[in-house]
Amino acid sequence: MKSADNSFAVDKTEDSSGFLLWQVTNLWQREIRKTLEPLGLTHSQFVLMASIHWLTLHKQEVTQVLLSNSTKIDPMTTSTVLRTLQAKGFLDRQQHLTDTRAKTITLTGSGVKIIKQAVKKVEAFDQSFFSALGVGTSSFNRQLLALLSQAGLESKK
């Protein structure tokens, strides 16, 4: 039975993109936490380490600003997580050669070892989780990129 209260623009929760995204995101994040827990990594730690590894493999000099921009993790959180990872012995920070305000970030040998294990686990989980989309996965990724692009434009206004 429909309520006389018209507070919502949708008749069913399945018609609310935001609510569905929130539910899927919570489910996905919960399962990612379970995947990373045996390795002693949080999701933010994984994202930053994986990004350092990716950027390094693609011959980019990694700085905190670059990491923050590429991961969309705010600079303060990035800094805090990097300090934790450095304390765990997974990364080193050294003075940048040309920018005295910046530090270059590299993974240590143990950091590379753990991130390679973590990437395999996360990619296997993602493949399983998103398999429900079937051949629509590429289209889904393009739609997510469109949302990210729109959000990027909105934040610059």
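Listed values, structure above:
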| read-out | value |
| --- | --- |
| Filtered residue count, the stretch 1-30, keeping only those that are under 30 Å from Lys88 (Cα atoms) and surrounded by 14 or more Cβ atoms within 10 Å (Cβ to Cβ) | 1 |
| Test: Leu55 is closer than 28 Å to Ala102 by Cβ, more than 13 Å from the chain's Cα centre (by Cα) and without any contact (Cβ under 8 Å) to a residue 24 or more places away in the chain | yes |
| Positions within the stretch 52-91 being under 14 Å from Thr108 (Cα atoms) and touching a Leu at 6+ places or on another chain (Cβ under 8 Å), in sequence order | Ile52, His53, Thr56, Val62, Leu82, Leu85, Phe90, Leu91 |
| Residue that is nearest to Gly18 (Cα to Cα) [pool: residues in the stretch 137-155 that are small (Gly, Ala, Ser) and at pLDDT 90 or above] | Ala146 |
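The values are calculated or read from the model by the stated rules, or taken from the named source; none is laboratory data. Note that the structure is predicted; figures quoted are calculated from it, not measured. No Cβ is skipped: glycine too gets one built from the backbone with ideal geometry, and neighbour counts run over all protein chains shown.
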